[in-house]
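Below is one structure, written out as structure tokens; the observations come after it.
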Amino acid sequence: MEELIKRAFDDLTLAISAASDQYGRIAQTAKTIADCLIGGGAIFLCGNGGSAAEAQHFAAEFVGRFLMERPGLAAIALTTDTSKLTAIGNDYGFEETFARQIKALGRPGDVLWALSTSGVSPNVIKALATASESGLRTVFMCGISDPPEGAAEIIIKTPAAQTPRIQELHLLYGHVICQLVDSIIFENNYLKK
């Protein structure tokens, strides 16, 4: 058991070290999100399975709070409304579950932040394409494999092969992005009350 634990910790430590080449994309994502929120836009998040849970988690960090007391920020996880998800899936197919919501709710200048450990989830890729066509900015956090060409404006890769390690790094990336957004907006006095 201890060997398995050590291997998991070592794998994550190595992946975190290898992720240093993503710092610029993480910073670019935070700036893109902060600019959107400062301009009165909204952040939409989506993913499947564990990535759906992380999408909800990050939306909660924005709407609630992260490390500082501040007003809530406009963020919506497209993964939470079972009535919408099942109606869209049933009537239009699973690939449309997020894209249809983006068509209905997204506005030019908003941001779609999508997550996929594989980097090729059909409903996530379709949501990114729909967002781009609708004038939204797009961010895609994926695993090590290459997503389709031009999948998103900003692609943050994760140097790990196993899904759990990818999800753990996505959580770290997301938390750093939330902290940077708070710093950009509130420590620079853009939206203080």
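Each reported figure results from applying straightforward, stated rules to the coordinates on display, with no laboratory input. All values derive from a computational prediction rather than experimental measurement. A quick note on method: Cβ atoms are made from the backbone with ideal geometry, for glycine too, and the neighbour counts reach across all protein chains shown.
Give me Rg/Rg_expected for the range 43-132, where Rg uses Cα atoms only and Rg_expected = 2.2 N^0.38 Å with N residues.
On the way: Rg = 12.9 Å, N = 90, 2.2 N^0.38 = 12.2 Å.
In units of the 2.2 N^0.38 Å rule of thumb, it is 1.06.
Compactness check for the range 1-77: Cα Rg over 2.2 N^0.38 Å is 1.41. As a ratio to 2.2 N^0.38 Å, the alpha-carbon radius of gyration for the range 93-193 is 1.16. Dipole of the range 2-187 computed with +1 at Lys/Arg Cβ and -1 at Asp/Glu Cβ about the Cα centre; of Phe9, Leu78, Gly174, farthest Cα towards the positive end is Leu78. Please arrange Ser145, Ser134 by counting, for each residue, the other beta carbons lying within 10 Å of its beta carbon, fewest first. Arranged by neighbour count, lowest to highest, Ser145, Ser134 become Ser145, Ser134.
Over all directions, how big on average is the projection of the convex hull of the alpha-carbon atoms in the range 2-187, in square nanometres?
Details: hull surface 43.6 nm².
Mean shadow area of the hull around the Cα atoms is 10.9 nm².
Pairs of Lys residues in the range 2-187, spaced 8 or more positions apart or belonging to different chains, with C-alpha separations under 20 angstrom: 5 in total. Short-range pairs are left out: with C-alpha atoms under 8 Å and at least six residues apart, the relative contact order of the range 62-110 is 22 percent. For the chain, the relative contact order is 25 percent, taking Cα pairs closer than 8 Å that sit 6 or more residues apart in sequence and dividing their mean separation by the residue count.
Of the trypsin sites (Lys or Arg not before Pro) found in the range 55-120, no site is in coil according to DSSP while having at most 11 other Cβ atoms within 10 Å of its Cβ. Measuring between their Cα centroids, the range 144-168 and the range 2-37 lie 11 Å from each other. As a proxy for reagent exposure, ranking Ile184, Ile43, Ile144 by other Cβ atoms within 10 Å from fewest up yields Ile144, Ile184, Ile43. Footprinting exposure proxy ranking of Val176, Val124, fewest other C-beta atoms within 10 angstrom first, gives Val176, Val124.
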